[in-house]
Amino acid sequence: HYPLRRQRQMCIRDRDDIVPADRRLGFLKVDVEGAELLVFRGARSILTQMRPNILFECSLLLMDNFDITPRQIFDFFNTEVCYRIYLVKDCLSGGVSLDYEGFVRAMSPPMQALNFAAIPIPEREIKR
């Protein structure tokens, strides 16, 4: 187990300070020890406008340190920014995306994965 929750200080910057609006971003790797959802929320405009493919780490134990749940991450991608989550091996082989239960199962013992791919849903498939 990881140590009990502890306070953390973070420097928070607007995405415009990191990625200029005139620069294209096609790929994003996120591994911030459980705070991935905070990064995704802060990069919402990048995700909705530039639509990069994402490789991210996700762990039940680490998420818990930030009071983040798998449901919050899954819903953020699925409904808020229109991405699908995949096991990396399935993404690379053209396999199917994970539903919520599959996402949680992949992180539960015995773990299938710590790293996941999030791929934008093609515009033509998004139901508005």
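Structural remarks
- A 1.4 Å probe run over the stretch 46-128, with the rest of the protein chains in place, finds 53 Å² accessible per residue.
- Relative intensity, log₁₀ I(q)/I(0), of the chain from a Debye sum that treats every alpha carbon as a point, q = 0.12, 0.15 Å⁻¹: -0.47, -0.73
- Compared with the direct C-alpha span, the chain from Tyr100 to Glu80 gains 5.7 nm at full extension, assuming 0.36 nm per residue.
- Across the stretch 28-43, coupling constants 3J(HN,Hα) worked out from phi with the 6.51/-1.76/1.60 Karplus curve, θ = phi - 60°, read 9, 10, 10, 8, 10, 6, x, 9, 4, 4, 5, 5, 4, 5, x, 10 Hz, and Gly and Pro carry x.
- Whole-Hz ³J(HN,Hα) from phi, Karplus 6.51 cos²θ - 1.76 cosθ + 1.60, for the stretch 103-111, glycine and proline x: 4, 5, 4, 5, 8, 8, x, x, 4
The values are calculated or read from the model by the stated rules, or taken from the named source; none is laboratory data. All figures in this text were calculated on a predicted structure; none of them were measured in a lab. Please note that ligands, DNA and RNA were not included when accessible areas were found on the heavy atoms of the full protein model with its side chains. Shrake-Rupley method; radii C 1.70, N 1.55, O 1.52, S 1.80 Å.
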